[in-house]
Amino acid sequence: MQTDWTPVALSHDIPVASAAPGRIGDTALAIWRSASGRIAAWSDRCPHRGMRLSHGYVRGERLSCIYHGWSYGEDGGCKRIPAHPDLTPPESIRVPVFACREASGVVWVAEGQPAGAPPDLAGFRGLRSLHIAAATGAIAEVFGGDGPVLRVKLGPVAVIALVQAFGDETMLHLMAPESCDLATLDALSDAAEALRRNIEAEATA
Ligand code: FES
């Protein structure tokens, strides 16, 4: 399955009023969720002095930089500079904003104007994301398939593996059938960890 969208995180890993780091291609992202639940993905660099915005904090519908507290609204524009509370920040102070959508419990990001919607993975829910110290080729070998969205077996259970290239490394976002009970989800999580170790061992053999 091909798509213009890149899976960058599982929704449950970005709680309300929080920010986390991510990547799309070579670009570092600040993925954050506002108090009302709106998801966003921005360049992870504060326009002031370059601090990572993923280290910042969320107040209401704004993300603020941890360094000097400049705060940015949902369009990425700077709304407030605490050291100059009476100043209306210039329009030019702006964080690059990426197209970002949530679908089936996954946060998807695209560069430019994506064609169509992210894949519909109805019937599955986020299991866990794994950072694997091996390139996507090693993942394709293990799963016997290539691409950002793979339907594979994890033990006896059919799951979905979302494969995100991370330079020479890979983020694997795994999704389990919604029908799985807690014990099965725990077993799948353990199997995923074992899978990660196996892939990394194979890649360095
Ligand atoms: S570096 Fe972000 S507010 Fe100064």
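For the reader, a short list of remarks on this structure follows.
- Max mean-square fluctuation residue, GNM over the chain, Cα-Cα springs under 10 Å, options Thr88, Thr136, Thr27: Thr88
- Computed [θ] at 222 nm, deg cm²/dmol, the chain (DSSP H ≥ 4; -39,500 (n - 2.57); rounded to nearest 500): -5000 deg cm²/dmol
- Proximity of backbone amide H atoms, modeled 1.01 Å from N, is registered between Phe124 and Glu178 at under 5 Å, excluding neighbours fewer than 5 places apart on the same chain.
- Under-5 Å amide H pairs with Trp70, H placed in peptide plane, nonlocal only: Cys65
- In plain terms, the chain from Gln113 to Glu178 could stretch by 20.3 nm, reckoned as 0.36 nm per residue minus the Cα-Cα distance.
- Per-residue 3J(HN,Hα) values for region 133-143, derived from phi via the Karplus relation 6.51 cos²θ - 1.76 cosθ + 1.60 with θ = phi - 60°, read 7, 7, 6, 4, x, 5, 5, 4, 5, 5, 8 Hz in sequence order (x marks Gly and Pro).
- For the chain, a Gaussian network of Cα nodes joined below 10 Å ranks Gly147, Gly50, Gly105 by mean-square fluctuation, and the top entry is Gly50.
- Derived scalar couplings between HN and Hα for region 166-182 equal 9, x, 8, 10, 9, 9, 10, 9, 9, 10, 10, x, 4, 6, 5, 7, 4 Hz in order, rounded to whole Hz, by the Karplus curve 6.51 cos²θ - 1.76 cosθ + 1.60 (θ = phi - 60°), x for Gly and Pro.
- Comparing Cα centroids, region 7-43 and region 118-140 end up 17 angstrom apart.
- Fewest-first ordering of His131, His48 by other beta carbons within 10 Å of each residue's beta carbon gives His131, His48.
- Take the convex hull of the alpha carbons in the chain; its mean projected area over all directions comes to 12.4 nm².
- The Cys residues in the chain with no partner Cys Cβ within less than 4.7 Å of their Cβ are Cys78, Cys100, Cys180.
- Distance from the Cα centroid of region 153-205 to that of region 98-117 is 22 Å (rounded to whole angstrom).
- For region 156-163, Karplus couplings with θ = phi - 60° (6.51, -1.76, 1.60), whole Hz, Gly/Pro x: x, 9, 7, 10, 10, 10, 9, 9
- Spin-label pair His55-Glu202: with each label point 7 Å from Cα along the Cα-Cβ axis, the two points sit 3.7 nm from one another.
- Among Leu121, Leu29, Leu63, the largest mean-square fluctuation in a Gaussian network model of the chain (Cα springs under 10 Å) belongs to Leu121.
- Take the Cα of His84, go 7 Å toward its beta carbon, and the backbone nitrogen atoms of region 38-63 under 15 Å from that spot belong to 47-49.
- FRET efficiency, 1/(1 + (r/R0)^6) with R0 25 Å, evaluated for Asp190 and Ala122 via beta carbons: 0.45
No value in this document is a laboratory result; all are computed from the given coordinates. None of the values given here were measured: they were computed from a predicted structure. With ideal geometry, Cβ positions are generated from the backbone for all residues, glycine too; neighbour counts draw on all protein chains shown.
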